[in-house]
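The values are calculated or read from the model by the stated rules, or taken from the named source; none is laboratory data. This structure is a prediction, so every number in the text was calculated from the model and none was measured. Please note: Cβ atoms are built from the backbone with ideal geometry, for glycine as well, and neighbour counts cover all protein chains shown. Areas reflect the complete protein model, heavy atoms only, side chains present, ligands, DNA and RNA absent. Shrake-Rupley method; radii C 1.70, N 1.55, O 1.52, S 1.80 Å.
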Amino acid sequence: LIVGFDDLECPYCAKMNAAIFPALLDRYKDQVRIVYRDFPLSEIHPWATHAAVDANCLATASPPAYWNFVDYVHAHSEEVAGPEKTLAKAALTLDKLTLDEGARQKLNQTHLAACVQKQDATKIKASIKEAEAEPLHVDSAPVLFINGEKVEGALPIETIYRIIDGALTAAGQTPPPPPYVTPVKPAPAAIRPGS
């Protein structure tokens, strides 16, 4: 089990969402399960909580809508607050993205709009409280827990593979073979003049 604490305005979280999670799912298939938890760092990312609330509005009705929204916001976080870089513009953009995704997924627009308008952050606050408490002590994002082992910061994918492989082995499962790496051809030996 991999639990990831995520902030939708965090550039490092966006990199993890774009590169690490797809690589893990591609390599491990059904041997791993990834769970996202909200951990918006609102003191440095002013619209992250709003984004988490909107994402959760989608999640209650449609996991695909949730993931489409999360992927899009992570990939376009620089554009969310517009050229003005205001919280008001970010809120308008996030709400529009949420409602548009809901329409694409044919969700009940009345319920979705009511959820978005209410901006009930109760679930988000509970996730933050759980993350900050014993034994997790999360104070930044992104943070992963791989079978209970805390992994912080931007680590190379190979390090994450080693941790997951170790957890699978400890659980009596065989990890998949390492990803194929193209071997480097040795440079041709220099030929000495006259030989």
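A dipole drawn for the chain from +1 and -1 charges on Cβ atoms has a positive end, and of Thr110, Leu87, Ala59 the residue lying farthest that way is Ala59. Around the amide H of Tyr36, modelled in the peptide plane, lie the amide H atoms of Gly4, all under 5 Å away and 5 or more residues distant in sequence or on another chain. Restricting the range 17-111 to GluC sites (Glu not before Pro) that sit in a DSSP loop and have at most 16 other Cβ atoms within 10 Å of their own Cβ leaves Glu43, Glu84. R0 = 30 Å: FRET efficiency of Asn147 with Ser42, Cβ-based, nearest 0.05? For Asn147 and Ser42, the calculated efficiency is 0.55.
For the Cα atoms of the chain, what angle does the longest principal axis make with the long axis of helix 87-104, in degrees from 0 to 90, nearest 10? With rounding to tens, the tilt is 80 degrees. To put it simply, the accessible area of the chain at a 1.4 Å probe is 60 percent carbon and sulfur.
When nucleic acids and ligands are ignored and a 1.4 Å probe is applied, Asp100 ends up with an accessible area of around 60 Å². Which one, [x] 19.1, 66; [y] 20.8, 85; [z] 17.7, 55, gives Rg and Dmax of the Cα atoms in Å as derived from the coordinates shown? Entry [y].
Accessible surface calculations at 1.4 Å, restricted to protein heavy atoms, place the chain at 60 Å² per residue. Loop-located trypsin sites (Lys or Arg not before Pro) in the range 1-61 (DSSP state not H, G, I, E or B) with no more than 15 neighbouring Cβ atoms inside 10 Å: Arg33.
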